[in-house]
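Quick notes on the structure that follows.
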Amino acid sequence: MRDTGSSVERFSPPSTSAQRINFVLRYAVRPLLAQLLSGLALLEEWAPVGHRAQLWHSGARRVLQLASAWIPSPRGVARSALTIRGVPVEQSVPTRPSGTTVLYLHGGAFVICGPSTHRRLVGQLAQDCGATVLAPDYRMLPQIPFTEILDDCVNVYRQMLDDGFDPKKVVIAGDSAGGYLTLATAQALRDAGLPLPAGLVAIAPWLDLRRSLRGEDRSSEVLIPWRQAQLVVQKLIAPLGPLALANPADGDLAGLPPTLVQVSAAELLFRDSTYLADRLAEAGVRTRLEIWHGQIHVFQALPDLNPDARRAIGNIAGFIRQVTAQTQPSA
């Protein structure tokens with residue numbers, strides 16, 4: 001990395017708990033997901049692509065909502081529902097708010113998941129750094145075109161500015177597809193001439209859609225069924241043209257705020273994350289890259305089961321405190 005105050009830190013080996021989680025996911029959960037994808041392949045023979053995508057999306061979203069609806073926020077974190085510019089938002093507020101706000105953009109391959117599936121990660125983050133976390137339930141594929149997903153994220157941030165939020169006390173964060181949206185949102189805000197947040201956090205961002213389209217390196221991934229990622233890109237993103245497939249890390253990164261990138265060395269998105277960190281450093285952006293060995297994709301989502309996840313979230317909280325404190329006027 002170029003000397004811009006950027007750094008790389010590696011964390012290994014994984015805890016015994018993390019190794020057990022990996023084993024269960026690889027040999028029990030992932031095969032079930034593969035069977036689901038095989039069923040999608042059979043549907044392809046008799047259902048139109050759009051209809052099949054709609055069926056899959058509504059069914060998968062419903063299952064995830066039912067499975068995650070019972071998940072509580074951590075003790076000491078109050079949860080409430082908001083609507084910001086028409087976008088449903090789940091708000092998590094710690095017992096002693098610090099005045100910092102995190103706009104958290106969840107992952108899920110642009111088609112599934114939501115604030116409820118990321119509730120433990122978001123709640124732990126709120127606890128650790130005292131930040132109020134806003135998690136938008138942004139519209140996804142195939143509900144709207146891929147190129148319009150970003151609008152919900154930008155509009156929520158715009159309303160935050162209109163409501164008097166100090167951007168120097170705001171951090172945008174996201175995982176996987178949400179990591180893509182974190183970077184793309186920051187670029188859109190900069191290009192629109194809007195005040196940027198104090199920092200960005202990208203957890204295993206999914207950036208190189210063209211490589212996913214080619215289906216490279218699937219064998220090393222513990223959890224994600226990459227046939228699903230290929231299906232999403234092939235049927236719902238690629239038809240919109242080359243601009244939709246463009247990697248935001250290949251765009252202009254100059255002027256973006258300090259960024260923390262966390263990724264597991266064992267996952268397919270490792271290359272996306274290290275490429276982003278290198279490109280940010282080349283653009284003069286202060287960047288911290290954390291490489292965690294032997295972890296699953298977005299292992300931070302399981303802080304109750306994985307001590308490494310709690311440690312990683314603690315590092316994110318430390319970064320948030322640092323970048324928001326640095327922009328405060330001295331007393």
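Side notes on the structure shown:
- Distant-in-sequence amide H partners of Trp292 (H built 1.01 Å from N, under 5 Å): Phe11, Val263, Ser264, Ala265
- q = 0.17 Å⁻¹, the range 190-309: log10 I(q)/I(0) [Debye, one scatterer per Cα]: -0.95
- From most to least packed by mean Cβ count within 10 Å, the peptides 169-179, 113-123 give 169-179, 113-123.
- Per-peptide packing, taken as the mean over residues of other Cβ atoms within 10 Å, places 200-211, 297-308 in the sequence 200-211, 297-308 from highest down.
- Residue-by-residue Karplus 3J(HN,Hα) for the range 240-248, coefficients 6.51, -1.76, 1.60, Hz, glycine and proline x: 7, x, x, 5, 5, 8, 5, 7, x
- Which of Phe319, Phe23, Phe270 is most accessible, then next, and so on - probe 1.4 Å: Phe23, Phe270, Phe319
- Spatial separation of Cα centroids for the range 188-202 and the range 67-130, in angstrom: 21
- Cα-derived Rg over Rh, computed across the range 114-218 with Rh taken as Kirkwood radius: 0.98
- All distinct Cα pairs of the range 243-331 go into the 1/r average, and the inverse of that average, the Kirkwood radius, is 14.5 Å.
The values are calculated or read from the model by the stated rules, or taken from the named source; none is laboratory data. Computed from a predicted model, the values in this text were never measured in an experiment. Methodologically, a virtual Cβ is constructed for each residue, glycine included, from the backbone with ideal geometry; neighbour enumeration extends over all protein chains shown. For the accessible areas, the whole protein counts, side chains as well, though only heavy atoms, and no ligand, DNA or RNA atoms are used. Shrake-Rupley method; radii C 1.70, N 1.55, O 1.52, S 1.80 Å.
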